[in-house]
Every structure is written in C-alpha cells, then in structure tokens.
C-alpha cells in the first residue's frame, strides 16, 4: 500500500448509522485511502455507554466516554449522535480545534446551521452533511455544487420514509392510518413515538436544509410551514385514487415572483411540508415503500429527479463515508473550506401568501340551489372552480339525504382559500368539510 | 454588490451549449458572484467564425479567433468546442497557464482523460466535467464524491437521448427503426449523420467516464464493448412487449468477482453498451422520450436513480455553470485541485467473459424433435434454459410450415452463448436466428 499521510478520524456516536460507519471504515480502509489520497485512521468512538450492544462488531478499545479528548487532535470529526446537545458543543469544539466536520444531524443544522457554518468559516474548515437529507441519496452536493450555476424554481421531495411507507400502504390496501401505523411500528418502519415522522417535523428539518441550499438563503426551521399525515383517512385515499391522484407527504420549496411578492428583488420563497394530492403519472407518485425521492425544477436544467433509500443505518453510512473521503481530500489539497452560500437572502413567505390548487370535499344538503350557494361563496372568496363532482349519499335507510361535493379549484391564494372554507363551513348548506387538500405536481 | 475578487473566465466555443453558457453568465452574473464568492468576468469567446449566427445574442466584441491569447491569463477556461483537436491542445495550455478547466467534452476525456488529468495534477489545477455525461443530470459529483465511501456494484444508464427517443417511439407506435429515425432527424432529435448516437459511440464514451469514476479505474474507451440499435426492428419490440420487457440502449458498468475473474484482487469490471431487454416495472423502463437516467447499485447505499434531461443547449449549460461556480469557489479557497481517483486500477474484462441472461429468438422447422435438438445444443454449450415459448408460423398459403422459438436463458457466459448461437445457426433445424438480446435489470 502507498505510504499515505495519515488523518485522525474521530467518531461521535455508534448507533444504527455510527456503528456501520465504523465498520465500513475499518473494512474498506485501504480502498478508501487510495480514493482519498490519505489513510483514514479511526482513532476512537465517543459514546455514553461503551458496553452497549452495537449493530456491528467493533474493538472495545476504540470506545471512550471522553468526547472532548477524542475531538481535540482529530483531523476529521464525524458527529452521528443526533439531537442538539452535546452535538452542537462538540461540533463547535471540533471546528475550533481545526478539524473538518461530517454530520447527519438535520435537527441541529436546521436550528443552529448559521452558528455552525459561521464557526467553520472563521477557521476555514468545512462542514459536510450529505447524510442529513434523504439518507443515501446524493442531493446536498447536486444542489450545492452541480446546480450552483442554475436557478432552482421548485423542489418537491418525498423526504420521510416512514410517512411514505404508511401512505403507500394505505393507498394499496385501503387501510386506515392508525392500523398501518401500528403495523409499521411492529415492523420497525415507524418508531414507538412516531410524532417526528407523522407530524412532519423530520420532513420540515430536511425542507429547511434543501431550501437553504437551493435558494442560497439561510432558511430558519420556524419559517417552514408544517402539517402531518394523521388526518389522512381511508376515504380520502380512496377519493384521491378515484380522481387520478395519490396522497404523499411533500416537502415543497418554491421560488415565488409576481405582484404579491413585495421583496426588494421581487422574489421570495415558500418552504412547506404537507400531505398533497399528486397526479398518478407524476414521477413522485411511483415512489413506494420507505423510499425517498427529490424532484427538482430548475430554470436551465429543467426537471431532475433523485431517487433512493431515505434512511437505514448502512445506507446513511454510505453518504457519511462519501463526506469523510471528501473531507480527507480537502485536507490533503489544502486551502480553506468553501462556506455556505446564503447571500441571496430571500424572504420566506408565510403559508397564507402561497398559491396552489386545492381539492375541497364537502358534505352538503341534497336540495336545489346548494351548488349555486357553494359556487357563490367560492367566487366571493376569489377561489375559482375548475371541476365539481357531486355524489348523492344515502342514509342508513338507503334513502338519499345528503350529497358529497368534490371541488377542484384553479390556483388560489392560501389565505383566500382558508377564509372561504371557513365561510363554507358556516353556511347553512354545508354539513361538514370532509377534507381540504393541496394539489401539487400538475 | 459586494466587492468580490474578479476571476477571468474564457469560453472556447459558442455552439448550442456555449452560447447558452455565455448568455446565462452575463444574465445572472451578480447572482453567480454571490454564490461563488467571486465575480465571474467573461473576458472572451474563442470561435472559428465570430460572425456566425448564435442561439443567444452576445456582444460582437467578446468574440475572438485567437484562442491562445484568450486562454493565457484566464483563471477559468470553459471548453465547449467538442472533438479532440484543438480542444486537447487548448485544455493543456489552459492547465499549464494555471487555469482551472470546465469541459463537456466526453469524446476527449474518454480518449485522452489520463493525459489531461495528469497535466492538472502536475500544476495542482482541477478539471470539471459534470456536463460530459447525462447532460444536466448531476451524476459526476455523486459518483466522484457522494459515493466515494461506498462500493458501486453496477451502473445501468440510459445515457443517450437520441436512441431513447427512437426506441421509445418504436415501442409506443410499433414503428420500424428507419421510419422513426427519419422522423427524429426531421424533428431535430437525431443528427443528419446519426452514427455516433445509433451505433452507441456516444453512449460508450459516457460509459467509460462513469465506469472510471465508479470503479476508481482509468477505463480506456477501447475497453468498452459497444453495439448500436440499428438491428432493432418492430418485431423485436413487439416480442419484447409481449414478454413484459422494453428494449433500451443501456450503458452497463459492472463490478465482477468470482472464480472466472483472475485479477490480483479477485475483482474486475465490465463496461458495455448494447440494446437490452429490461422488465417493464424497472424504473429505467419508464424513462421516455429523449430523457436520460442513471441507475446505480452500491454496496451500502442500495439502489439510487438519477433522472433528467440528457442533452439540450440550455440544460447542458446548467451543468457547465455549476462547474464554473465550483471552480471559482476552489480558486478563492486556495489549495490544489483534487485529482482523479484511479488507484483501484481494476482490469476490464472482454465481453466474452461477462455473464448475463439472454433471450434467443429462432425460426425453426416445425417437425417433431426440434425442441429436443435445440435444447441439446444449448445444454452442450453450458447455456441453461429458463423459459421456452413456441409459436407456429404460417406460410403465404396459411399453412403451418415453421415455428418460432423464444428461449429465455439463465445466466450464461457471453462466450458460451455466442458459440452456442453459432452452433444453433449451423444446425439443420434452425432456419434463422431472428435475434439474440441480453436481459438486464431482472
């Protein structure tokens, strides 16, 4: 083997991803050295409990509880603990000690990204985080580098495997949310506390990262509009299928222009996570199971899609190790790290000022003039109707009593739509607003 | 605008891609400067004829016929002339003058890559070529960086838009190759001389680049096995559809291990371009029109797919400009360029030593014992039968005379298969070998 310069690699955390990273680093060390042009010496793994069982068999002497001692003196620090603290403190220590940092910590980057990137800039180090969004799918580098000369118009991503698994099974089996969730938990596709996934928190963190890269703007997590999938039921799934749609939890990052946008440059962005109807023929509709996919529309490049495994220990380890090799190459090449590009600094609009299409499902009294009343309320609210489908619903005695109206709208302002739905609910003719869903990808 | 360091950008060539690059550089200059951290001054465009009509309106004073003067003194040289010379000489001059180079020239890199990468290493410069494979689709960085810590097992790419357009229309319309080609030429999807596309030369160049990156091995173009699509006819398309397949021109880059591989490491690679049958449910089967897609299987990451426009002036310009921003960032950051990773140096096996599955279609005499004879020849040739379908063919009088045998094989060695097909053709019972196609993606 070539006599390479040796780099000291410190690993923080040895969970599902960390233990795989350590295992692969040791297994493929010679090969990775050839690729990096530097030997990658795993000098230690900081964990809370060195004796805890691991997914991968690793020498006991690598483990330590003293992360500080491990970090100081390392050339590359891999942070895979997750959570805010002590990850934040450890990463700042690593950067200030002259190390490059590799992390998969989307929660930390979505909340403390600017602090961490600033610290890296101060010392000329780099922070790599390919594994922080969409697992093994290379999406950070394409947005950060490959599309750096283009103008991204829109990203639509399926970036949470758990919710895609649940929605996909609901779609295929006609099952209800609670049943599929319970089964997903039993099978390990969903956690015991599924809140972060099913309420869209995980997807919102990834949306903030993707939007920051795509629009060269530091997008704070609290600017991301977030809705989860717990309200989606079998009837909504069935109605979607009937209308040629499928329901997916989407992270939508969009560049907005036009008269409603009063920013200095005439441009703004919207970043939002919600369940939406997408046409069955859209490429994202065929993303099944726990897979992820990110659909990107750019001014020059046109439509691009990136598809693959969005989670999993060894899959995510692939992305982490790609970053480790990149960090090693930079170390050898010299020069300072390339900082984040956030100088576009576009305002993030609140959800009320976003326009999309909607599908509104109402239960109404089955009497003459109802449709005219509903249409009048929509028109007064500046919501234009594209399609209406009316079905008579029968009561327990099999007699017609109420009707279901499924209304597809043209593009409308979210605030107008929301106020209009309130007025529909309060009108005498609407018994129940069954669902209001955005339509994306048309 | 921030007072950035100014970088001198020289453009060589102003065809479909070059004129778009120049136009976008000028149009989005301020924005690109913010992203790069450096002003990108387009200082000149070297062309053969400054007065030729261009796709984009550009100031006459930018044009020059003196490429040498333009190159010397540039910080970044964008080569978009195509072809081997003078592109090779100009790129070497640029590198030796201290410039970083951005190129989309797959023909040059596939034939003179090592010379160019060595020259870059000598002076510590970088060569960027995201636009050289699969147009606007970011595939070079994912393979070079994101997957640098993984082991790629296999790439299957639809990397030529013209042939995918032709095969897709043949599949949808039941038309013959020559008719669709003529129409594609009339519509601008195929060139007047379509040889580079339909004979697979273009795809072979891209396959050499992708395999070099994926397997960390300099793959010479002449090690790529190449077959085109001119033999594909409406009947083959129809038979493929009937059997649940679609025919695509694939670039296959594969890591091989096992008893047949006698390399020092026990590993080798195969790089090949040919029309193949892929199952209709494979993600590559739904790549329509002139689009490209690259399907990657890696040890840790699992299955990934990258999809988008594979050609087009403005689409390819997106990839070029991403490289220009990357080159500018590196210039500002300092340090030397990261060279190509080719130290794995795996042997490339000839096509005869590759194993795949096959579908063999034979016209045979419709007499008792024919199937036994055919099966015996296959068995003697170490080709194992998976499926057989026999159809009686009727002659002009509507009488049965001959039969068609469609044989699906298990995995077989190409050399065994090829010799077996020769023996079938020479046997008394086979009237004609209608087609032999590989099956991929099963």
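The values are calculated or read from the model by the stated rules, or taken from the named source; none is laboratory data. Everything numeric here is computed off the predicted structure, so don't read it as measured data. Neighbour counts run over all protein chains shown; Cβ positions are idealised from the backbone, glycine included.
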Going through segment B:1-24 in order, the residues found to be crowded, with 22+ Cβ neighbours inside 10 Å and either under 28 Å from the mean Cα position of the chain (by Cα) or modelled with pLDDT under 95 (or both) are B:10, B:11, B:12, B:13, B:14, B:17, B:18, B:19, B:20, B:21, B:22, B:24
Within segment B:345-371, considering residues that are surrounded by fewer than 18 Cβ atoms within 10 Å (Cβ to Cβ) and closer than 24 Å to residue A:34 by Cβ, the one farthest from the other protein chains (Cβ to nearest Cβ)
B:347
Take segment A:367-407 and flag every residue that is more than 40 Å from the chain's Cα centre (by Cα) and in a loop (DSSP other than H, G, I, E, B).
A:367, A:368, A:369, A:395, A:396, A:397, A:398, A:399
Search segment A:310-320 for residues being surrounded by 24 or more Cβ atoms within 10 Å (Cβ to Cβ) and in contact with a strand residue (DSSP E or B) (Cβ under 9 Å, 6 or more places away or on another chain), and hand back the single one that is farthest from the other protein chains (Cβ to nearest Cβ).
A:310
Selection count, segment A:384-407, where residues are surrounded by fewer than 18 Cβ atoms within 10 Å (Cβ to Cβ) and within 12 Å of residue A:359 (Cα to Cα):
6
Does segment A:183-195 include one or more residues that are at pLDDT 95 or above, touching a helix residue (DSSP H, G or I) at 6+ places or on another chain (Cβ under 7 Å) and crowded, with 24+ Cβ neighbours inside 10 Å?
no
Residue A:136 - would you say it is farther than 14 Å from residue A:208 by Cα, buried (at least 24 other Cβ atoms within 10 Å of the Cβ), more than 20 Å from the chain's Cα centre (by Cα) and in contact (Cβ under 8 Å) with a residue 12 or more places away in the chain?
no
Of B:386, B:328, which residue is touching a strand residue (DSSP E or B) at 6+ places or on another chain (Cβ under 6 Å) and in the same structural domain as residue B:42 (by TED's automatic domain parsing)?
B:328
Checking residue A:180 against (1) in the same structural domain as residue A:274 (by TED's automatic domain parsing); (2) touching a helix residue (DSSP H, G or I) at 6+ places or on another chain (Cβ under 9 Å); (3) not in a helix (DSSP H, G or I), which test does it fail?
(3)
For segment A:276-294, how many residues are buried (at least 22 other Cβ atoms within 10 Å of the Cβ) and closer than 20 Å to residue A:234 by Cβ?
3
For residue A:271, are the conditions met, namely being under 17 Å from the mean Cα position of the chain (by Cα), facing chain B (nearest Cβ under 10 Å) and under 19 Å from residue A:216 (Cα atoms)?
no
Identify the single condition in (1) surrounded by fewer than 24 Cβ atoms within 10 Å (Cβ to Cβ); (2) within 14 Å of chain A (Cβ to nearest Cβ) that residue B:176 does not satisfy, given that it satisfies every other one.
(2)
Please go through segment B:146-160 and give me each residue that is surrounded by 23 or more Cβ atoms within 10 Å (Cβ to Cβ) and within 12 Å of chain A (Cβ to nearest Cβ), ordered by number.
B:146, B:147, B:148, B:149, B:150, B:152
Conditions (1) surrounded by fewer than 22 Cβ atoms within 10 Å (Cβ to Cβ); (2) away from chain B (no Cβ under 12 Å); (3) assigned to a strand (DSSP E or B) -> residue A:260 fails only (3)
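This table checks each residue for (1) surrounded by fewer than 19 Cβ atoms within 10 Å (Cβ to Cβ); (2) modelled with pLDDT under 95.
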site	(1), (2)
A:27	yes, no
A:43	yes, no
A:53	yes, yes
A:77	no, no
A:99	no, no
A:109	no, no
So residue A:329 ticks every box in (1) more than 9 Å from chain B (Cβ to nearest Cβ); (2) surrounded by fewer than 24 Cβ atoms within 10 Å (Cβ to Cβ) but one. Which box is left unticked?
(1)
